[in-house]
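Take a look at the structure below.
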Amino acid sequence: MSHTLNVRATRWSGGWELEIDEHHHTQSRTLADAGRMVRDYLDSDRGGNHSDWTINIIPEVGELDGGQGPSEGR
C-alpha cells in the first residue's frame, strides 16, 4: 500500500519547522534532510517503518525572503 504525505515547511532562524498535521510537528536544519526527519518522527510517534512513504515537503515561499518581496523597502 502506497502512502503519500504533504508536509508544510516554514523557515525560522534555526532551520525549518515541518508541519505534518495540525498536532504533529518536527524540525530540520535543511530542506534536504526534511523527508528523513519526517520519517524518523513518524517511526517514533506511530511506530513501524515509514521508509517507503512518499514525503512531499512544501516550503512556504513567502517565508524565504523574510516576508519582503523584491518591491518592498524601495
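Laboratory data are not the source of any read-out in this text; all were calculated from the coordinates shown. Everything numeric here is computed off the predicted structure, so don't read it as measured data. Neighbour counts run over all protein chains shown; Cβ positions are idealised from the backbone, glycine included.
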Placing one equal point scatterer on each C-alpha of region 4-62 and summing with Debye, one gets log10 I(q)/I(0) at q = 0.22 Å⁻¹ equal to -0.80
When VAL61, VAL38 are ranked with the fewest other C-beta atoms within 10 Å first, the list becomes VAL61, VAL38
Of all DSSP beta bridges in region 4-62, antiparallel share, percent nearest 5: 60 percent
Subtracting the Cα-Cα distance from 0.36 nm times the residue separation, let me have the gained length for ARG8 to ASP43 in nm, one decimal. 10.7 nm
Interchain or sequence-distant (5+) residues whose placed amide H lies within less than 5 Å of the amide H of ILE20 are HIS25, THR26
Using the count of nearby Cβ atoms within 10 Å as a rough guide to exposure, how do TRP53, TRP12 rank from fewest to most? TRP12, TRP53
